[in-house]
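Here is the structure we will look at, set down as structure tokens.
The values are calculated or read from the model by the stated rules, or taken from the named source; none is laboratory data. Everything numeric here is computed off the predicted structure, so don't read it as measured data. Here the Cβ positions follow ideal geometry from the backbone for every residue, glycine too, while neighbour counts run over all protein chains shown. What goes into the accessible areas is simple: the full protein's heavy atoms, side chains included, and nothing from ligands, DNA or RNA. Shrake-Rupley method; radii C 1.70, N 1.55, O 1.52, S 1.80 Å.
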Amino acid sequence: MLAYLRENTGNWIIKIFLGIIVIVFVFLGVGSLGSKTDDTVASIDGEPISIKEFQQSYNQIVEQLKSQFGRNLDPDILKALNVEQQALNAVIDSKLLLKTAEELGIEVSKEELQESLLSFNAFHVDGQFNLDLYRTVLRRNGMTPETFERDQAQNLKIDKVRQMVTSSINVSELEARDWYLHQHTKIAVDYLKFDPRSYIDIEPDDAAISAFFEENKDRYKSEPKIKAVYLKFDPRDHLDKAVVSDEDIFFYFEENPERFETAEKVEARHILIKLDETASEAEDADAFKRAREVYEKAAAGEDFATLAQTYSEGPTKENGGYLGTFEQQSMVKPFGDKAFSMEAGEISEPVRTQFGWHVIKVESKTAATRKTFEQVKDRIKEELALQEMQNMAYSQADEAFELVIDGDDLEQVSRVIDKPLVVTQPFSGRGEGLDLDDPAGFAKAAFALEMNDISDVIQLGDAYLLINVVEKIEPADQPLAVVKERVAADLKRQMQKDRAKKEAGAVAEKIESVESIQTLAQLFNLELKTTKAFVRNDFIEDVGSSPDFIAAAFSLNESNPLHPDLIETDSGIFIIGLNRIELPQESEITAGLKEIKQEITWRKQTQYFQEWLAQLKAQHEIVYDPDMVNL
């Protein structure tokens, strides 16, 4: 396919498609796969799974991850998520499920396939399926209607198998209620905190620092370093080769109207009467009454900015409630919907959002606009030229990598493609010692390689690189004088933590002899604090994100109000006692019960299906080459 793309780089659609897949192949381990002579990555009962099938599965997963991580997606994330294993598993699962569908006689009718195709919004114009758009979208993505419809029919078969396997899995109303209570019950605790950082009088002496250093020498070795050589493929090398036609520019303008539109905007002020989302009906009614009184004053002609300074409880109070100019989607939905339904000078009745009750005044409105082709054509031409240069650079890097796959080292590749091989100085894992635009990114990629390994095509900034590690410099012992400041800081933190634990332990010894944490605080003259009510996955102010703290808190109840053990978190050592438990209101549970049942049903069905699929795999001989995929 890459050969086809290179032969057709003058074609506008191919240019855009190539731009889309560049990032995918940058991350894909094409090199190790390409060296496999029999084109097989695994087999099921002797039937091969080809490298092409694996690559297609890998690309699909990477595309999904790109939508989540954007430009933050890098090889480390892909490795951490074990995307190679996910890709191979997806192919294996698909083949086994299609085989099961065949054994069960499951078919997809023409009508079912047609209904599925008609449901894709990507093929719609004004809410209706458009055949020309369908063909165009597929063509841009290197597909034909025949291959897409075949794949879609296979997906529908797999869906039918899944539905058959999971159709008996249901969730009762009682189970849904229990789950909602578990997820939405809040708890607040009273706590005593022993913060290691508060022991500022601790300062280790030279003898202690020296002893600590001797006991922990391995922690203070020099950083490992490496040397590497690399080839760089820079889009700017193709500056005089990028050609963009007027047809290309106009096509892009027509296909991307949203890029050249300016959304409608509103300039507004507001007065906020704050209210917690979990406020009671009485609190809500009181807040609404206050907001209504402010609205009536504004509607009667009193100055809105002065009213905001007097009554608003929001952060814009001192600025007369001024919010500036904004687009509708930048505000929470109830506020945005109301503000954009009003005319300039109009004042709204109170509007409820998650923050409380708002009274809104629209100062002015700016209509949506769209720039003309003439206004943006030069900008489009520049962007398309940059994209074409990017594609050319990647294509050149890919061609060089194919030589690596064929067995050439980077020095040989350098001579073949007439591009200089750059040699680095020794550098650390943070990139210190590198004279590059992104030293940290280069170091991150290089340190992931084994000695003498050549990387896949790696993107750093706009350029593409092939990196070869040629020398590794192992960590070495360092004298105390070089690292003394670091050793002293580490020892001080350790001594502070030990002091906190010791003092907390002395208090904890009395837990069994007192009835409440309040008594414990009075006994030792300690400050007792109370958390806000939190659910099981909350970040807790003054505590942080601590599963241990949350688990301990939710183990408390009226008959067991004081936790018997110390709780250690990143922010300190804690002793906790029950303050209150807040159950969700019955109206909340009832309102969301249908959605809750659907969510739990989906989870249970997914778990059951995965267990069934594991049993299905165990019935077949699945073989893969560990040199091909790092499972």
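Test of understanding: extend the Cα→C-beta vector of Arg430 to 7 Å, then name every residue of segment 454-484 with backbone N under 20 Å from that spot.
Taking a point 7 Å out along Cα→Cβ of Arg430, the residues of segment 454-484 whose backbone N falls under 20 Å are 473-484.
What percentage of the solvent-accessible surface of the chain, computed with a 1.4 Å probe over protein heavy atoms, is contributed by carbon and sulfur atoms?
C and S atoms contribute 48 percent here.
Students often check this: by mean Cβ neighbours within 10 Å, which of 172-178, 353-359 ranks highest, and how do the rest follow?
The peptides rank, most packed first, as 353-359, 172-178.
Tell me the label-point distance for the pair Arg219, Val243, using the 7 Å Cα-to-Cβ offset, in nm and rounded to one decimal.
Taking the two extended label points, one gets 6.4 nm.
Taking R0 as 51 Å, what's the FRET efficiency between Lys532 and Asn72 from their Cβ-Cβ distance, rounded to 0.05?
Efficiency computed from Cβ-Cβ geometry: 0.95.
By how many nm would the segment from Ala263 to Asn170 lengthen if fully extended, with 0.36 nm per residue of separation less the alpha-carbon distance?
Net length gain for the segment: 29.0 nm.
Just reorder Tyr624, Tyr134, Tyr295 by solvent-accessible area, largest first, 1.4 Å probe, all chains present.
Tyr624, Tyr295, Tyr134
Put a dot 7 Å past each Cα toward the Cβ at Arg493 and Ala440; how far apart are the dots in nm?
So the label points at Ala440 and Arg493 sit 1.8 nm apart.
Only one of the listed values, [x] 1.01; [y] 1.10; [z] 1.04, was derived from the coordinates as Rg/Rh (Cα atoms, Kirkwood Rh); which label is it?
Recomputing Rg/Rh (Cα atoms, Kirkwood Rh) here gives the entry labelled [x].
Return the ratio Rg/(2.2 N^0.38 Å) for segment 44-194, where Rg is computed over Cα atoms only.
1.46
For a Förster distance of 56 Å, can you work out the FRET efficiency between the beta-carbons of Glu588 and Val423, rounded to the nearest 0.05?
That pair, Glu588 with Val423, gives E of 0.30.
Report P(r) for segment 455-554: all Cα-Cα distances, bin width 10 Å, range 0 to the bin holding the largest distance, values in whole percent.
Computed distribution, short to long bins: 10, 19, 23, 16, 18, 9, 5.
GluC sites (Glu not before Pro), restricted to segment 89-140: which are DSSP loop and have at most 14 other Cβ atoms within 10 Å?
In loop regions of segment 89-140 (DSSP not H, G, I, E or B), the sparsely surrounded GluC sites (Glu not before Pro) are Glu107.
Rg to Rh for segment 436-502: what is it, with Cα atoms only and Rh by Kirkwood?
1.24
If packing is taken as the mean number of other Cβ atoms within 10 Å per residue, what is the order of 368-381, 324-337, highest first?
324-337, 368-381
Probe of 1.4 angstrom, ligands and nucleic acids ignored: what's the accessible area per residue over the chain, in square angstrom?
57
Give me the number: length gained by fully extending Asp378 to Thr325, i.e. 0.36 nm times residue separation minus the C-alpha to C-alpha distance, one decimal in nm.
16.2 nm
May I have the convex hull volume per residue, in Å³, for the Cα set of segment 129-205?
389
Quick check: pseudo-label points 7 Å beyond the Cα along Cα→Cβ at Glu343 and Glu102, how many nm apart are they?
6.9
When all alpha-carbon pairs of segment 480-613 are counted, what percent fall beyond 26 Å?
47
In whole percent, what relative contact order does the chain give with Cα contacts below 8 Å and a gap of six or more residues?
Relative contact order for the chain comes out at 24 percent.
Below 8 Å, C-alpha to C-alpha, sequence gap of six or more: please give me the relative contact order for segment 101-161 in percent.
41
Take the Cβ-Cβ distance between Thr369 and Lys510 as r, set R0 to 60 Å, and report the resulting FRET efficiency rounded to the nearest 0.05.
0.25
Sort 267-273, 579-585 by packing, meaning the average of other beta carbons within 10 Å per residue, with the highest value first.
Order by mean packing, descending: 267-273, 579-585.
Starting from the Cα-Cα distance between Asp151 and Gln60, subtract it from 0.36 nm times their residue separation and give me the gain in nm to one decimal.
Taking 0.36 nm per residue and subtracting the Cα distance, the gain is 31.4 nm.
If you wrap a convex hull around the alpha carbons of segment 275-410, what volume per residue comes out, as a whole number of Å³?
Dividing the Cα hull volume of segment 275-410 by its residue count gives 216 Å³.
How big is Rg to Rh over segment 573-614, alpha-carbon atoms, Rh as the Kirkwood inverse-mean-distance radius?
We get a ratio of 1.29 for segment 573-614.
If you add up the charges near Glu527, with Lys and Arg at +1 and Asp and Glu at -1, over every other residue whose beta carbon is less than 14 angstrom from its beta carbon, what do you get?
Here the charged neighbours net out to -2.
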